[in-house]
Amino acid sequence: MKKSERLNQELIYLSDKKVFHLKELEEAFAISERTALRDIADLEQLGLAFYSETGRSGGYHITNSKLLLPIRFNTAEINAIFFALQAIKNISETPYSNAYQKIQVKLLKNLPTRLQKQINLQEEFVQYVSQPSLNKVTFFDLLLKACINNDLVLAENQQFIKEKQKLQLLDLFYQAGNWFCHAYNLDLKRWFVLRLDKFKVVKQLKPDRVIMSKNELSESYQEYEQKHYCIPYQCLLTKAGEQKVKYNSYPIMEVIHNRQGIYLNGSYNKEELHYLVDYLISLGSEVKIIKSRELKEKYLEKLQRIIQQY
């Protein structure tokens, strides 16, 4: 690791500490005592404010209430940051959508002229094609906060029959142009995959009962997934089909290579069979259903309905 990179890592390592000892840096970064002492001197030059005390309870006491120090990036890291900013701009539905352009402008102004020209050339000659959000998400901020803090929410989602439900959110994810969440419904005692744009009301609630911790939620969903998606299926893929699946797949799908060919394995629930049929039809001639019989029949029925349109 280069010295500049190590100093950056040391700043990050110290960011949540009030006191540190020389031995900590030596062990954390596999450096000698002599190197650690030089690094501490360099960190002080970079703006790290501290004072040292001797004795058993001594060490280096950081005096910054918050450690907000400049981080130095190399050219490849700078290019990667701007590449990422450009690539995610088309995912318009996030709480930070309006910030991406401002971040880019601020970062660019702080670069040397040579690097500014390089970044501008990168944007001119590299085309960023990403999938935009198809629908506006009204309550993204509230849903994200509820997910992070494991809050209980009272929500109205158009995918439910009943109007309002008490939910705990496990996670949020982006797929095929829409944002989704894995949500546990406390009233129905069931898991659901819900589209975020379908939420019409979201309110934070104080729990009126014991709710699951984040770890308990995760374990509950894994158990549900094993029981809910209980009908196995298998499809044969072409090479092009494998690429399509990799571009747009789901956690309960798995691509397997063996001597006979490339296979898509997974499992489904009868209630969601039509989603799987639509997904497989989107793969066109690059997929052939091996099993189950039910899946094959529903697939052929859907193809017949499509053919009848012509």
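Taking Cα atoms, how many degrees apart are the long axis of helix 99-109 and the longest axis of the chain, rounded to 10 and kept between 0 and 90?
Approximately 40 degrees, to the nearest 10.
Which aspartates and glutamates have a Cα lying under 15 Å from the Cα of residue 136, excluding residues fewer than 8 positions away in the same chain?
Straight-line reach from residue 136, under 15 Å: 93, 197.
Quick one: putting +1 on the C-beta of Lys and Arg, -1 on the C-beta of Asp and Glu, what dipole do you get for the chain around its Cα centre, in Debye to the nearest 20? Show your work: numbers first, answer last.
Details: 44 positive and 36 negative charges, 119 e Å.
About 580 debye.
What are the radius of gyration and Dmax of segment 223-280, computed over its Cα atoms and given in Å?
Just the Cα atoms of segment 223-280 yield Rg and Dmax of 11.8, 34 Å.
Between 215, 150, 135, find the one with the highest GNM mean-square fluctuation for the chain; connect C-alpha pairs within less than 10 Å.
215
Enter the accessible area of residue 141 (Å², nearest 10), with the probe set to 1.4 Å and all protein chains included.
Ignoring ligands and nucleic acids, residue 141 comes out at about 100 Å².
What residue among 207, 232, 251 has the largest mean-square fluctuation in a Gaussian network model of the chain, using Cα springs under 10 Å?
Answer for the Gaussian network model of the chain: 251.
Grab the alpha carbons of the chain, take their convex hull, and tell me the volume per residue in Å³.
Details: hull volume 74.3 nm³, N = 310.
In the chain, the Cα hull volume divided by residue count equals 240 Å³.
Hey, got a sec? Which trypsin sites (Lys or Arg not before Pro) in segment 201-260 land in a DSSP loop and have at most 11 other Cβ atoms within 10 Å? Working shown, then result.
Working: sites: 203, 209, 214, 227, 239, 244, 246, 259; in loops: 209, 259.
Of the trypsin sites (Lys or Arg not before Pro), the ones in loops of segment 201-260 whose Cβ has at most 11 other Cβ atoms within 10 Å are 209, 259.
Roughly what angle does helix 293-308 make with the longest principal axis of the chain, taking Cα atoms, 0 to 90 degrees, to the nearest 10?
80 degrees
Can you classify segment 139-228 as rounded, prolate or oblate using the Cα gyration tensor, where a ≥ b ≥ c are the square roots of its eigenvalues, rounded means a/c under 1.5, and otherwise it's prolate if a/b beats b/c and oblate if not? Don't skip to the answer; put the middle values down first.
Working: a/c = 1.30, a/b = 1.08, b/c = 1.21.
Judged from the Cα gyration tensor, segment 139-228 comes out rounded (a/c under 1.5).
Given H placed on each backbone N at 1.01 Å, which residues far from residue 152 in sequence or on other chains put an amide H within less than 5 Å of it?
Long-range HN contacts for residue 152: 205.
Roughly how many Å is it from the Cα centre of segment 256-310 to that of segment 166-225, as a whole number?
28 Å
State, as an integer percentage, the relative contact order of the chain based on alpha-carbon contacts under 8 Å between residues 6 or more apart. Mind dumping the intermediate values first?
Numbers: 374 pairs, mean separation 30.2, N = 310.
Taking the mean separation of contacting Cα pairs over the length of the chain, I get 10 percent.
Could you give the alpha-carbon Rg of segment 3-62 over 2.2 N^0.38 Å, rounded to two decimals?
On the way: Rg = 10.7 Å, N = 60, 2.2 N^0.38 = 10.4 Å.
After normalising by residue count via 2.2 N^0.38 Å, the value is 1.02.
Expressed as an acute angle from 0 to 90° and rounded to the nearest 10, what is the orientation of the C-alpha long axis of helix 33-46 relative to the principal long axis of the chain?
Compared with the principal axis, the helix lies near 90 degrees.
With θ taken as phi - 60° and the coefficients 6.51, -1.76 and 1.60, list the Karplus ³J(HN,Hα) couplings across segment 218-230 in order, rounded to whole Hz; mark glycine and proline as x.
Values per residue, Gly and Pro as x: 4, 5, 4, 5, 4, 5, 4, 4, 5, 7, 6, 8, 10 Hz.
Would you calculate a helix-derived [θ] at 222 nm for the chain, using -39,500 (n - 2.57) for each DSSP H run of n ≥ 4 and dividing by the full residue count, to the nearest 500?
Calculated mean residue ellipticity at 222 nm is -13000 deg cm²/dmol.
Test of understanding: in a Gaussian network model of the chain with alpha carbons linked when under 10 Å, which of 121, 43, 217 would top the mean-square fluctuation ranking?
43
Taking residue 291 as the anchor, which lysines have their alpha carbon closer than 30 Å to its alpha carbon, excluding any fewer than eight residues away along the same chain?
Correct list for residue 291: 227, 239, 244, 246, 270, 302.
Treating only the Cβ atoms of Lys and Arg (+1) and Asp and Glu (-1) as charged, compute the dipole magnitude of segment 235-310 about its Cα centre; round to the nearest 20 debye. Write out the running numbers ahead of the final one.
Numbers: 12 positive and 9 negative charges, 52 e Å.
That gives a dipole near 240 debye.
The values are calculated or read from the model by the stated rules, or taken from the named source; none is laboratory data. Because the structure is a prediction, the values reported are computed rather than measured. Positions of Cβ are backbone-derived with ideal geometry, glycine not excepted, and every protein chain shown enters the neighbour counts. Quick note on the areas: whole protein, heavy atoms, side chains included, nothing else; ligands and nucleic acids left out. Shrake-Rupley method; radii C 1.70, N 1.55, O 1.52, S 1.80 Å.
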